[in-house]
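Comments concern the structure below.
Values in this text are rule-based calculations from the coordinates and carry no lab data. No experiment lies behind these values; they were computed from the predicted model shown. Here the Cβ positions follow ideal geometry from the backbone for every residue, glycine too, while neighbour counts run over all protein chains shown.
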Amino acid sequence: MMIEPLPGRLYRAAPGFEDHLEYELGPGREDSGYCVPGGPFFYTAEIPAGPVFWYRNIWLSPIKIEFDSITEAAGALRNIQRNWSSDLFTQFRRGALIQEKLPALSCKRRPFPWLLPESPLGIWTLLDAHRMIASASSASPFPGGIIEFEEDRLGPPSRAYLKLWEALVRCRKWPQPGERCLDAGASPGGWTWALAKLGALVSSVDRAALENGVEKMPGVSFIKHDAFTLRPEEMGPVDWLFCDVICYPSRLCEWIEKWLASGLCRNYICTIKMQGQAMEEGFAAARRLVEIPGSSVVHLYHNKHELTWMRISP
Ligand SMILES: C[S@@+](CC[C@H](N)C(=O)[O-])C[C@H]1O[C@@H](n2cnc3c(N)ncnc32)[C@H](O)[C@@H]1O
């Protein structure tokens, strides 16, 4: 068996957004020999200077392992740490046999909310029958970067609440009963529904109507208004600011900057919509927001052509 640390990082693209990841990483990676052309992985020998957003996961400390048998491969991973998830694009049967020899990870759908464990979760993939790339640390806290919830098919009027749940689980924090939330771009009401279910007091702002059942939930008050012309001082202090407005990314940035300057909110979760925008404007907004101390920008498993900016107070 041979174990060789690799400089740099291995990226798994967010499916459907391989071109965005390629754009962020820049040219010159195909020679690495670690990625199959046209496949989901991108290897960079050097850590990119700028932030990268359009990934499902990143192998942060990659190693290449050459092995003879399935038992040897599983043993090599177990010697490093307990928890591993696979992300296979080839050798599926052999990969499943290796994973079976590792401690089982629960990949079942879960009810929201639950507290994510802090224990490290490694990730590995097979290049061929005798070579794997593994990393003891990865960018996503979810096995393979995937998180599935037990969905509520009756209560919420849209499935948008799934990305909010994912963001909150990722932050390991969610609104508590009685906390004040501003939900901008709230209609038809998926996020408002999820927040009201937590017992929060939700001010939902949208130019379109909130679904009737959601508007009547305890703790919900609806304001029919352009969210961006409501000044923070008019709204007063809130514990959480949520925004899922479809808008130009630069408009979102300006609005967030006003809220930050006001000091009237502690926690933020906002969607940066990319659809229909020149790609560069969306990237520029994501880079502008990620510069804000204590914040992160990610492509959630439940995000479509959009990114999520999060800033949670300690
Ligand atoms: C993607 S939908 C939001 C979905 C919502 N989060 C949910 O869970 O159901 C985007 C919303 O932004 C609203 N919107 C667009 N521009 C707005 C603005 N300037 N102010 C308030 N709402 C706006 C639209 O009316 C639409 O309801």
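Computed values, structure above
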read-out	value
Test item: Cα-centred dipole of the stretch 33-116, Lys/Arg +1 and Asp/Glu -1 on Cβ, debye	480
Average projected area [Cα convex hull, the stretch 1-158], square nanometres	10.7
Theoretical gain in end-to-end length, Met2 to Asp19 [0.36 nm per residue, Cα-Cα removed]	2.8 nm
Rel. contact order, % - alpha carbon contacts under 8 angstrom, at least six apart, the stretch 122-165	27
Amide H contacts of Asn57 (H built 1.01 Å from N, under 5 Å, at least 5 apart or other chain)	Arg12
Chain lengthening between Glu100 and Glu72 when straightened (0.36 nm per residue, less Cα-Cα)	8.8 nm
Inverse of mean 1/r across different Cα pairs in the chain, Kirkwood, Å	20.9
Residues Ala129 and Glu150, FRET efficiency given R0 of 41 Å [Cβ-Cβ distance, rounded to 0.05]	0.65
Difference of contour (0.36 nm per residue) and Cα-Cα distance, Arg110 to Lys258	49.6 nm
In Hz, Karplus ³J(HN,Hα) per residue of the stretch 228-241 (6.51, -1.76, 1.60; θ = phi - 60°; x = Gly, Pro)	7, 9, 7, 7, x, 5, 6, 6, x, x, 10, 7, 9, 10
Ranked list, fewest to most other Cβ atoms within 10 Å of each Cβ, for Glu148, Glu234	Glu234, Glu148
From the C-alpha gyration tensor of the stretch 97-199, square roots of 5λ in Å	34, 14, 12
Dipole magnitude of the stretch 141-278 about its Cα centre (Cβ charges: Lys, Arg +1; Asp, Glu -1), debye to nearest 20	120
Exposure proxy ranking, count of Cβ atoms within 10 Å, fewest first, for Phe53, Phe89, Phe142	Phe89, Phe142, Phe53
Proximal lysines relative to Lys64, as straight alpha-carbon distance under 21 Å, when same-chain residues fewer than 8 apart are discounted	Lys101
Under 26 Å from the Cα of Lys108 - lysines, other chains or at least 8 residues apart	Lys163, Lys173, Lys197, Lys304
Amide H within-cut-off set for Asp152, under 5 Å, with H built and near neighbours excluded	none
Karplus-derived HN-Hα couplings along the stretch 19-24 (A = 6.51, B = -1.76, C = 1.60, θ = phi - 60°), whole Hz, x at Gly and Pro	5, 5, 5, 4, 4, 5
Mean separation of Cα contacts under 8 Å (6+ apart) over length of the chain, as relative contact order %	13
Under 23 Å from the Cα of Lys258 - lysines, other chains or at least 8 residues apart	Lys224, Lys273
